[in-house]
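> The structure under discussion is supplied below as structure tokens; questions concerning it will follow.
The values are calculated or read from the model by the stated rules, or taken from the named source; none is laboratory data. Note that the structure is a prediction, hence the values are computed from the model and not measured. Here Cβ is always computed from backbone atoms with ideal geometry, including for glycine, and neighbour counts include all displayed protein chains. Heavy atoms of the whole protein, side chains included, go into the accessibility calculation; ligands, DNA and RNA do not. Shrake-Rupley method; radii C 1.70, N 1.55, O 1.52, S 1.80 Å.
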Amino acid sequence: MAEVKPEDMVHHQPMDQLQGFEYCIDSNPSWGEGIALGFQHYILSLGTAVMIPTLLVPLMGGNDDDKAKVVQTLLFVTGIKTLLQTLFGTRLPTIMGGSYAYVVPILSIIRDPSFTQIADGHTRFLQTMRAIQGSLIVSSSIQIILGYSQLWAICSRFFSPLGMVPVVALVGLGLFERGFPVVGKCVEISLPMLILFVALSQYLKHVNIHHVPVLERFSLLMCIALVWVYAHILTASGAYKHTALVTQINCRTDRANLISSSQWISIPYPLQWGAPTFSADHAFGMMAAVMVSLIETTGAFKAAARLASATPPPAYVLSRGIGWQGIGTLLDGLFGTGTGSTVSVENVGLLGSTRVGSRRVIQISAGFMIFFSILGKFGALFASIPFTIFAAIYCVMFGIVAAVGLSFMQFTNMNSMRSLFIIGVSLFLGLSIPEYFSRYSTSSQQGPAHTKAGWFNDYINTIFSSPPTVALFVAVLLDNTLDVRDAARDRGMPWWARFRTFRGDSRNEEFYTLPFNLNRFFPPT
């Protein structure tokens, strides 16, 4: 076999922006395409917006009417938070939705004896919701202080490309339980959805109509519409009439009870559930979820920047975004969404699937959220899509985000044993430790930390149940203590250095400058 000459070898140089995107962060498709793409992002965000209230509201004692109102409120506030973040925060095309990180401390509040002894279900729901609101309002101060004081910017200066590989990767990989394990609950609906979506968005992506790659760009809408109709036909024909209750919940299109429970027109407003109540134990437990969502959001911001063909967000911009996330969590507490705020990972993945990273598209999506949350019946129609359909899409979207995290390895020396050790250990522990906490909680109905101090239990169980958070602790600790002086280039710091400050790269001003000439009053650093 002839020896390959060095000049014949193909070298792929590291690139700080992904190539091949039709529209980047500050370029916009036509208004028609933008509206269709925005509606697509809105549909995708419904999965989490419906699933979190569906999980928590019945445990709080709420009925279908309460669940419908919480879903409506969560979507309404998500639209507001998204507009604030895309206008004044990082300005990245990210949807600020509900977070599963808050489930552990919220479940702790729900199980508080002072609430469980309330006999009337609706009264117990209101009292529990007010306690959740109070703890969210207090704990939101953590993100507000860390963000606007620029303390998180100082912390982020210790993050290298090497340290961010496992963190960003596990933002996607850490959500594996919401992928195929949920697909398997209704294979006859979700598996065709997965196969059809991959076929249209990838294998047939070059099919154009009027020079627009419609299958690549709008395959999610097409697939959801087709599979939703197929699922409704199965439901109407009685295919699930004699199946187990679990199968009916996951497969039928008429089990959500959102349409009948929603009002035609209703505008969510602050303190609609009553005056929040405050407890130190509840607030301290919720602060752990705030820290977890802060770390997960940081990883999602970095993934969104690459999928929007932007430069990595400078430390100042990242901290500014965390401050606005804190404002979003405060709004969650005031309105009563039943959860806190984080970046919607699935919508970040959709940026890569459609190759459209436009900020305007996400802002249009936020408009749909606000509009359809006010028109309750219409919003509930779309929200009644079976969650297993969304789970099929998550298998692709979460995978894209995970791959973006792995793409940071191009800036590091992966021929270094130090790099291999840090990435390997942090990835493994980032998956293994949360899995241990999850299995322990499932089998024992309590977390591994179960002392008499409830707030301490919530703190430990929440922190170590988050794969990106565990990965950040392990990777950043090892990366900043293990042979640091001799490994600056291996860590990728020379490449990252110019993106640490706002004025370090001329492109930062193009992507992250505040609108309405507000930088005059808030000069970046």
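> Among the residues that make up region 148-155, is at least one of them of a type in the set (Phe, Trp, Tyr) and out of contact with any Leu (no Cβ under 6 Å at 6 or more places or on another chain)? Steps first, answer last, please.
Narrowing region 148-155 to residues of a type in the set (Phe, Trp, Tyr): 148, 152.
Going one step further and asking which of them are out of contact with any Leu (no Cβ under 6 Å at 6 or more places or on another chain), we end up with 148.
Looking through region 148-155, at least one residue is of a type in the set (Phe, Trp, Tyr) and out of contact with any Leu (no Cβ under 6 Å at 6 or more places or on another chain).
> Residue by residue through region 84-114, note down the ones that are surrounded by fewer than 18 Cβ atoms within 10 Å (Cβ to Cβ) and either aromatic (Phe, Trp, Tyr) or closer than 30 Å to Glu509 by Cα (or both).
Result: Leu84, Leu87.
> For region 149-158, which residues satisfy the criterion of being of a type outside the set (D, E, K, R) and either open to solvent by 10 Å² or more (accessible area, probe 1.4 Å) or farther than 17 Å from Ser293 by Cα (or both)?
If we filter region 149-158 for residues that are of a type outside the set (D, E, K, R), which is where we start, we get 149-156, 158.
Result: Ser149, Gln150, Leu151, Trp152, Ile154, Cys155, Ser156, Phe158.
> Let me spell it out: the conditions are (1) over 18 Å from Leu427 (Cα atoms); (2) of a type in the set (Lys, Arg); (3) touching a residue at least 12 places away in the same chain (Cβ under 8 Å), and Arg491 meets all of them except one. Which number is the exception?
Unmet condition: (1).
> Would you please name the residue that is farthest from Val317 (Cα to Cα), looking only at residues in region 74-103 that are in a strand (DSSP E or B) and out of contact with any Gly (no Cβ under 6 Å at 6 or more places or on another chain)? Full working, then the answer.
Keep residues of region 74-103 that are in a strand (DSSP E or B), which gives 96-98.
Imposing the further condition that a residue be out of contact with any Gly (no Cβ under 6 Å at 6 or more places or on another chain) reduces the set to 97-98.
Details: Gly97: 20, Gly98: 22 Å.
In this case the residue turns out to be Gly98.
> OK, next. Could you grab me the full set of residues in region 112-159 that are over 26 Å from the mean Cα position of the chain (by Cα) and charged (D, E, K, R)?
Asp112, Asp120, Arg124
> Give the residues of region 493-519 that are at pLDDT 80 or above and β-branched (Val, Ile, Thr), sorted by residue number.
Passing the criteria: only Thr513.
> Could you check, for region 168-180, whether at least one of its residues is under 15 Å from Gly349 (Cβ atoms), in a helix (DSSP H, G or I), open to solvent by less than 40 Å² (accessible area, probe 1.4 Å) and touching a strand residue (DSSP E or B) at 6+ places or on another chain (Cβ under 8 Å)? Give the derivation first.
Pass one, region 168-180, residues under 15 Å from Gly349 (Cβ atoms): 168-176, 178-179.
The next check asks that each one be in a helix (DSSP H, G or I); those that pass are 168-173, 176, 178.
The next check asks that each one be open to solvent by less than 40 Å² (accessible area, probe 1.4 Å); those that pass are 168-172.
Applying the additional criterion that residues be touching a strand residue (DSSP E or B) at 6+ places or on another chain (Cβ under 8 Å) yields none.
No, every residue in region 168-180 fails to be under 15 Å from Gly349 (Cβ atoms), in a helix (DSSP H, G or I), open to solvent by less than 40 Å² (accessible area, probe 1.4 Å) and touching a strand residue (DSSP E or B) at 6+ places or on another chain (Cβ under 8 Å).
> Here is a follow-up. Where the second residue is open to solvent by 10 Å² or more (accessible area, probe 1.4 Å) and outside any helix (DSSP H, G or I) and the first is farther than 15 Å from Pro270 by Cα and lies in region 56-81, which pairs have Cβ atoms under 6 Å and are six or more apart or on separate chains?
Asp64/Asn257; Ala68/Ser262
> So if I check each of Leu194, Leu221, which one is touching a residue at least 40 places away in the same chain (Cβ under 8 Å), more than 30 Å from Val292 (Cβ to Cβ) and either buried (at least 23 other Cβ atoms within 10 Å of the Cβ) or aliphatic (A, V, I, L, M) (or both)? Outline the logic, then answer.
Details: Leu194 fails: more than 30 Å from Val292 (Cβ to Cβ).
Just one listed residue meets the conditions, Leu221.
> Please state which one of Leu204, Leu245, Leu200, Leu191 is modelled with pLDDT of 85 or more and more than 25 Å from the chain's Cα centre (by Cα). Talk me through it step by step, then tell me what you get.
Values: Leu245 fails: modelled with pLDDT of 85 or more; Leu200 fails: more than 25 Å from the chain's Cα centre (by Cα); Leu191 fails: more than 25 Å from the chain's Cα centre (by Cα).
Leu204 is the lone residue from the list that is modelled with pLDDT of 85 or more and more than 25 Å from the chain's Cα centre (by Cα).
> Still on this structure, please answer the following. Which one of Phe378, Phe382, Phe368 is closer than 22 Å to Phe76 by Cα, assigned to a helix (DSSP H, G or I), free of Cβ contacts under 8 Å to residues at least 12 places away in the same chain and open to solvent by 10 Å² or more (accessible area, probe 1.4 Å)?
Exactly one of Phe378, Phe382, Phe368 is closer than 22 Å to Phe76 by Cα, assigned to a helix (DSSP H, G or I), free of Cβ contacts under 8 Å to residues at least 12 places away in the same chain and open to solvent by 10 Å² or more (accessible area, probe 1.4 Å), namely Phe378.
> Name the single residue that is modelled with the highest pLDDT among those in region 5-41 being under 22 Å from Gln363 (Cα atoms) and among the polar types (S, T, N, Q).
Top of the filtered list is Gln40.
> Going by the conditions given, is Val138 modelled with pLDDT of 95 or more and either surrounded by 17 or more Cβ atoms within 10 Å (Cβ to Cβ) or assigned to a helix (DSSP H, G or I) (or both)? Reasoning before the result, please.
On the way: modelled with pLDDT of 95 or more: yes; either surrounded by 17 or more Cβ atoms within 10 Å (Cβ to Cβ) or assigned to a helix (DSSP H, G or I) (or both): yes.
Taking the combined requirement at face value, the residue satisfies it.
> Right, another one. Could you list, in sequence order, all residues of region 115-135 that are outside any helix (DSSP H, G or I) and either at pLDDT 95 or above or open to solvent by 60 Å² or more (accessible area, probe 1.4 Å) (or both)?
The first filter runs over region 115-135 and keeps only residues outside any helix (DSSP H, G or I), leaving 117-120.
Scanning region 115-135 gives Gln117, Ala119, Asp120.
> List the number of the failed condition for Ile423; all other conditions in (1) in contact (Cβ under 8 Å) with a residue 40 or more places away in the chain; (2) part of a helix (DSSP H, G or I); (3) open to solvent by 20 Å² or more (accessible area, probe 1.4 Å) hold.
Condition (3) is where Ile423 drops out.
> Determine whether Ser416 is hydroxyl-bearing (Ser, Thr, Tyr) and within 25 Å of the chain's Cα centre (by Cα). Write out each step before concluding.
Working: hydroxyl-bearing (Ser, Thr, Tyr): yes; within 25 Å of the chain's Cα centre (by Cα): no.
Taking the combined requirement at face value, the residue does not satisfy it.
> Further, regarding this structure: Output the number of residues of region 57-76 satisfying the condition of being hydrophobic (A, V, I, L, M, F, W, C), crowded, with 23+ Cβ neighbours inside 10 Å and over 11 Å from Gly338 (Cα atoms).
Here the count works out to 3.
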